[in-house]
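Colleague: Please see the structure below; I have some questions.
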């Protein structure tokens, strides 16, 4: 019995935790997206939600049936269902549900001080600045609270600075 239930769940034949029940205005919106000239991902999400709608004639399709008709994975369908239920229909279609805030460690002021530090003499006993030494010094000088050396690598590469080059003095 247990094997049958697991198999049914993996095959998308079980009832979902995230049922989709659309009202008429939502159905109209999804049809406009699905049939309109929107990006492929938005049309696919709209098509999945239209097929999963339990309020349509005959009820919603099983995830397996949706996957076959939309030519996408079961996991993708489950993600669309979950997002629609948790974040709302429009967020699901627009795809703004994956955003998370990124706080930049290096702002203009920090960048200027980093360049000045790179151009200064390296610590005693060192031939040149290393990324780890730079990150430690930025923390020591309380320019930043903490910073990883790989973050510095990305910024220095973007600024086209090379710690290994010696200036000719000319």
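Colleague: Here are the criteria: (1) more than 19 Å from the chain's Cα centre (by Cα); (2) closer than 16 Å to residue 17 by Cβ; (3) in a helix (DSSP H, G or I). Tell me which single one residue 78 does not satisfy.
Modeller: All conditions pass for residue 78, except number (1).
Colleague: Which of the following residues is modelled with pLDDT under 90 and surrounded by fewer than 16 Cβ atoms within 10 Å (Cβ to Cβ): 100, 31? Steps first, answer last, please.
Modeller: Values: 31 fails: modelled with pLDDT under 90.
After ruling out the rest, the residue left standing is 100.
The values are calculated or read from the model by the stated rules, or taken from the named source; none is laboratory data. Values in this document were obtained by computation on a predicted structure and should not be read as measured data. No Cβ is skipped: glycine too gets one built from the backbone with ideal geometry, and neighbour counts run over all protein chains shown.
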